[in-house]
Every structure is written in structure tokens, then in C-alpha cells.
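Student: Just dropping this structure here.
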Amino acid sequence: MELLRLAVLVSGRGSNLKAILDAVAGGALEASVVGVFSDRVEPPAFEWARRRRVPVWAVVPGATESRAAYDARLAGQVRDVRPQAVVLAGLMRVLSPVFLGAFPDRVLNIHPALLPSFRGLDAQAQAVAAGVRFSGCTVHFVDAGADTGPIILQSVAPVYGQDTAETLAARILAKEHQTYPAALQLLAEGRLRIRDRRVLIEWDGRQPRSPRDSVLEWQWIKDSCAGGSHRGQE
Ligand code: GRF
């Protein structure tokens with residue numbers, strides 16, 4: 001089987017990139033990371049790529065370069081590695097339709113909250129300030145809005161009374177590292193369809209049994225398939 005070709009765009013630490021690379025190396029994600037791109041000169045994330053011998057490119061915005069010109073230049077560089085999907089993993093830029101139009105319905109992002117709650121920056125601090133009992137992460141397709149695209153998978157993390165933005169961020173990050181590779185594997189298996197701004201996951205008629213993390217639900221369905229038992233909605 002041809003591996004799904006992924007380009008990953010990063011700005012910083014790169015722990016989601018590492019989780020994706022680890023999932024590829026471990027066989028849980030049937031994909032190939034064909035390039036890592038950044039708007040920064042030398043983000044820590046590049047080190048994870050180099051350890052796996054994935055080529056990296058710093059595509060730094062020029063001081064007087066317009067957003068549209070930069071996005072067109074970035075899209076051109078990314079296109080050169082012929083990705084089938086573009087994975088945003090901590091990219092600290094909002095991409096304009098100039099970039100998104102080059103990869104229609106093929107750009108994914110992870111956000112550290114249960115969208116549509118807490119869009120934008122500092123989502124974990126927003127969750128702590130709001131006093132919610134649960135937050136989590138969302139993998140979604142990217143559209144022209146900020147954190148508004150069709151939702152693929154979400155995982156839940158509890159929020160405790162003594163949490164700070166930092167402690168909550170760490171708990172959510174552990175969920176992110178499971179959820180992003182799982183969503184990309186669904187894409188690799190060709191199971192994702194966008195209909196009316198909602199993502200349908202085709203899983204051979206199997207339905208979730210109870211409301212849980214969608215990533216755990218997906219794992220349960222896969223496990224039940226692997227066991228050969230076909231279980232419908234109960
Ligand atoms: C993550 O919290 C992700 O949800 C957000 O940016 C952060 C990136 O972290 N979009 P890392 O660079 O993957 O460690």
C-alpha cells in the first residue's frame with residue numbers, strides 16, 4: 001500500500017510532530033512524513049525531524065512581505081514535496097485562503113480545547129478561567145476561519161480545581177499525542193468524508209456504543225474489527 005504523504009508545519013516545540021513520527025515508526029500510522037516546514041529559523045521541532053531523517057525547511061516571512069505573498073511562497077515550497085495532506089502541529093500563524101486553496105480539504109490542525117469552545121490563543125487558560133469541568137483537544141480540517149473547520153476527532157481531559165493553564169495544558173497534550181496520529185490514520189485509511197461541514201467517519205456500519213472520547217471510541221471499533229466480531233449499535 002502507498003503510504004499517505006504528510007507535510008508537517010511547525011513553529012515551536014514539536015511534541016505533536018514527535019508523536020506523529022513515533023506513530024509512523026511504530027506502524028500505528030501508515031503514512032510518511034515527507035517534509036517539515038517552519039516559519040521560524042530553527043524551531044526545536046526540527047530536531048525531532050532530523051532524528052528521523054526527515055528533511056526540514058525554514059520558510060521565514062520577510063519583513064515587508066505581505067501575508068498573501070508569504071502564504072503563496074510557503075504553499076509553493078510545501079507543494080514541492082508532493083504531500084497528500086498538510087498537518088499543522090503548533091504553527092503559530094493563521095493560514096489564508098491563498099495557502100488553503102492550494103490543498104483543498106487537505107489541511108489538518110490540532111487545537112487544545114473541545115471546539116467550538118475556546119478558540120484562538122491560550123485555550124487552556126481560557127478553559128481554567130471559565131471553570132469548565134472538562135476540556136480536551138480537537139483535530140479538525142482547516143478552513144478560512146480561526147479554529148472553525150470540520151471536526152474529525154476529539155478527546156476529553158478533566159479540569160481540576162487546582163489546575164493552572166500549565167497543568168491543564170500538560171494533561172491535554174498527552175491526549176493530543178494519541179489523537180493526532182489516530183485522526184491521521186483515519187485519513188490514511190480513506191475513511192474521512194466532509195459533508196455539510198461535518199466529518200463522516202466510515203467504519204463499516206459500526207457505531208459508537210456510548211459517548212466517550214472519540215479517539216477511544218475509534219480504538220474500540222478497531223479492536224473489535226481486529227477480533228473479527230461485527231458489532232452494530234447496541
Ligand atoms: C499544541 O498544544 C497544539 O494543540 C497547539 O499548539 C501546541 C503545539 O505543541 N496547536 P507542540 O509544538 O506540538 O509541542
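Where a number appears in this text, it was derived from the coordinates with a stated rule and is not lab data. Quantities reported herein were computed from a predicted structural model and do not represent experimental measurements. No Cβ is skipped: glycine too gets one built from the backbone with ideal geometry, and neighbour counts run over all protein chains shown.
Student: Once you've got the GNM for the chain with C-alpha springs shorter than 10 Å, pick whichever of GLN185, GLN84, GLN126 has the biggest mean-square fluctuation.
Tutor: Between GLN185, GLN84, GLN126, it is GLN126 that shows the largest mean-square fluctuation.
Student: What shape does the stretch 35-86 have by the C-alpha gyration tensor, where a ≥ b ≥ c are the square roots of the eigenvalues, rounded means a/c under 1.5, and otherwise prolate means a/b greater than b/c and oblate the rest?
Tutor: Here the stretch 35-86 falls in the oblate category.
Student: Relative contact order of the stretch 22-128, please, whole-number percent, based on alpha carbon pairs below 8 angstrom and at least 6 residues apart.
Tutor: 19 percent
Student: Turning to a different aspect of this structure: Once every DSSP H run of n ≥ 4 in the chain is given -39500 (n - 2.57) and the sum is divided by its residues, what mean residue ellipticity at 222 nm do you get, rounded to the nearest 500 deg cm²/dmol?
Tutor: -10500 deg cm²/dmol
Student: Using a ≥ b ≥ c from the Cα gyration tensor of the stretch 1-138 (square roots of the eigenvalues), is it rounded, prolate or oblate, where a/c under 1.5 gives rounded and otherwise the larger of a/b and b/c decides, a/b for prolate?
Tutor: On the way: a/c = 1.66, a/b = 1.20, b/c = 1.39.
Note, shape of the stretch 1-138 comes out oblate.
Student: Based only on other Cβ atoms within 10 Å, what is the fewest-to-most ordering of ARG79, ARG171?
Tutor: Working: ARG79 13, ARG171 16.
Arranged by neighbour count, lowest to highest, ARG79, ARG171 become ARG79, ARG171.
Student: Another one. Can you list residues whose amide H is under 5 Å from LEU9's amide H, if they're 5+ apart or on another chain and H is modeled 1.01 Å from N?
Tutor: Those qualifying (amide H under 5 Å, at least 5 residues apart or on another chain) are PHE37, VAL87, LEU88, ALA89.
Student: Separation of the stretch 139-154 and the stretch 114-137 by C-alpha centroid, Å?
Tutor: That distance is 15 Å.
Student: Shifting gears a bit: Just add up the charged neighbours of PRO44: K/R +1, D/E -1, any other residue whose Cβ is under 15 Å from the Cβ of PRO44. Intermediate values should be presented prior to the final figure.
Tutor: Working: positive: ARG13, LYS18, ARG40, ARG50, ARG51, ARG52; negative: ASP39, GLU42, GLU47.
Surrounding charge for PRO44 is +3.
Student: Next up: Quick check for me: using +1 on Lys/Arg Cβ and -1 on Asp/Glu Cβ, what's the dipole size of the chain about its Cα centre, in debye to the nearest 20?
Tutor: Values: 28 positive and 24 negative charges, 37 e Å.
Once rounded to the nearest 20, the dipole reads 180 debye.
Student: For the stretch 131-210, rounded, prolate or oblate, judged on the Cα gyration tensor with a ≥ b ≥ c (square roots of eigenvalues), a/c < 1.5 rounded, else prolate if a/b > b/c?
Tutor: Prolate is the answer for the stretch 131-210, as a/c is 1.5 or above and a/b outweighs b/c.
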